[in-house]
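Chemist: Below: one structure in structure tokens.
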Amino acid sequence: MNKGKLIVLEGIDGSGKSAQFRRLCARLENDGIDYNHIVFPRYDQDSSALIRMYLAGEFGTHPDDVNAYTASTFFAVDRFASYKKDWGSTYESGGLFLSDRYTTSNAVHQGSKLSDEELPDFFRWLSDLEYEKMGLPRPDLVLYLDVDIETSLARMRRREAKNHTHADIHEQDIEYLRRCLRTAERAADFFGWTRIPFMKDGLERDVDEKNEEIYSILRSAL
């Protein structure tokens, strides 16, 4: 039995990840490519209960109130439940999956709580937890969407105003988001992610122009 392929889009809040994810899904469908899509966390499922409590501030109003290792298990359990209940058998049978966030998000968001010296051990622990102990598949390709903090914040605030939502404890903490950006760079180096630059020739890239690059990389991986 041939295992499938798993391609992950990663980036902090406001990186344009969701917009690119929608475009990739549409292009795969238009090109007649049989694929499946998954999005994490799954806020509408019971397995995300601890995630929702954490992000709502029930364990503390600052991200650092729950350490990187503990918080990582909240998100890992949601992925495990999803894999076992929803998509594992299709993946094991050779299915192609495109994922909006994955174990990679723990590396970025929870790793940001640690010092640079602690990160390699955390990255190794995380890989062992999710890929070895829990048996989740390793991604074949991770596309990391870079962004700057000012653009990230502006996009999040526009989204909140449009959807009438309130920022969670991650989104409210600007210094935490800055640390996430720094940690993402280190994670990209450590794990070998493919970076998608935010700027080109000193200017913010057009969404469609960026999508052309992303889709070309994705197709080459299939």
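The values are calculated or read from the model by the stated rules, or taken from the named source; none is laboratory data. Note that the structure is a prediction, hence the values are computed from the model and not measured. Positions of Cβ are backbone-derived with ideal geometry, glycine not excepted, and every protein chain shown enters the neighbour counts. Just the protein is used for accessible areas: all its heavy atoms, side chains included, with ligands, DNA and RNA removed. Shrake-Rupley method; radii C 1.70, N 1.55, O 1.52, S 1.80 Å.
Chemist: List the residue pairs whose Cβ atoms are under 9 Å apart, where the first residue sits in the stretch 135-156 and is over 20 Å from Gly202 (Cβ atoms) and β-branched (Val, Ile, Thr), the second is open to solvent by 20 Å² or more (accessible area, probe 1.4 Å) and in a helix (DSSP H, G or I), and the two are 6 or more positions apart or on different chains.
Modeler: Correct list of pairs: Val142/Phe191.
Chemist: Considering Glu130, Glu118, which residue is without any contact (Cβ under 8 Å) to a residue 40 or more places away in the chain, farther than 22 Å from Glu213 by Cα and either charged (D, E, K, R) or in contact with a helix residue (DSSP H, G or I) (Cβ under 7 Å, 6 or more places away or on another chain) (or both)?
Modeler: Among Glu130, Glu118, only Glu118 is without any contact (Cβ under 8 Å) to a residue 40 or more places away in the chain, farther than 22 Å from Glu213 by Cα and either charged (D, E, K, R) or in contact with a helix residue (DSSP H, G or I) (Cβ under 7 Å, 6 or more places away or on another chain) (or both).
Chemist: Right, another one. Of all residues in the stretch 107-148 being polar (S, T, N, Q) and touching a Pro at 6+ places or on another chain (Cβ under 9 Å), which is farthest from Ile7 (Cα to Cα)?
Modeler: If we take residues in the stretch 107-148 being polar (S, T, N, Q) and touching a Pro at 6+ places or on another chain (Cβ under 9 Å), then Ser112 is farthest from Ile7 (Cα to Cα).
Chemist: Restricting to the stretch 182-218, name every residue that is polar (S, T, N, Q) and either in contact with a strand residue (DSSP E or B) (Cβ under 8 Å, 6 or more places away or on another chain) or open to solvent by 40 Å² or more (accessible area, probe 1.4 Å) (or both).
Modeler: Thr194, Ser216
Chemist: Scanning for something touching a Ser or Thr at 6+ places or on another chain (Cβ under 8 Å) and open to solvent by less than 20 Å² (accessible area, probe 1.4 Å), does the stretch 40-58 turn up at least one residue?
Modeler: Scanning the stretch 40-58 turns up at least one residue that is touching a Ser or Thr at 6+ places or on another chain (Cβ under 8 Å) and open to solvent by less than 20 Å² (accessible area, probe 1.4 Å).
Chemist: Would you point out the residue of the stretch 29-51, among those that are among the hydroxyl-bearing types (Ser, Thr, Tyr) and either part of a loop (DSSP other than H, G, I, E, B) or within 30 Å of Leu222 (Cα to Cα) (or both), that is nearest to the chain's Cα centre (by Cα)?
Modeler: Tyr43
Chemist: Does the stretch 21-35 include one or more residues that are surrounded by 21 or more Cβ atoms within 10 Å (Cβ to Cβ) and not hydrophobic (A, V, I, L, M, F, W, C)?
Modeler: There is no residue in the stretch 21-35 that is surrounded by 21 or more Cβ atoms within 10 Å (Cβ to Cβ) and not hydrophobic (A, V, I, L, M, F, W, C).
Chemist: Conditions: (1) open to solvent by less than 60 Å² (accessible area, probe 1.4 Å); (2) touching a Phe, Trp or Tyr at 6+ places or on another chain (Cβ under 9 Å); (3) modelled with pLDDT of 95 or more. Val147 meets all but one. Number of the miss?
Modeler: In the conditions (1) open to solvent by less than 60 Å² (accessible area, probe 1.4 Å); (2) touching a Phe, Trp or Tyr at 6+ places or on another chain (Cβ under 9 Å); (3) modelled with pLDDT of 95 or more, Val147 misses (3) alone.
Chemist: Moving on. How many residues, within the stretch 76-110, are assigned to a helix (DSSP H, G or I), open to solvent by less than 10 Å² (accessible area, probe 1.4 Å), out of contact with any Leu (no Cβ under 7 Å at 6 or more places or on another chain) and of a type in the set (Ser, Thr, Tyr)?
Modeler: Number satisfying all stated conditions: 2.
Chemist: Are any of the residues in the stretch 151-162 modelled with pLDDT of 80 or more, buried (at least 18 other Cβ atoms within 10 Å of the Cβ) and aliphatic (A, V, I, L, M)?
Modeler: no
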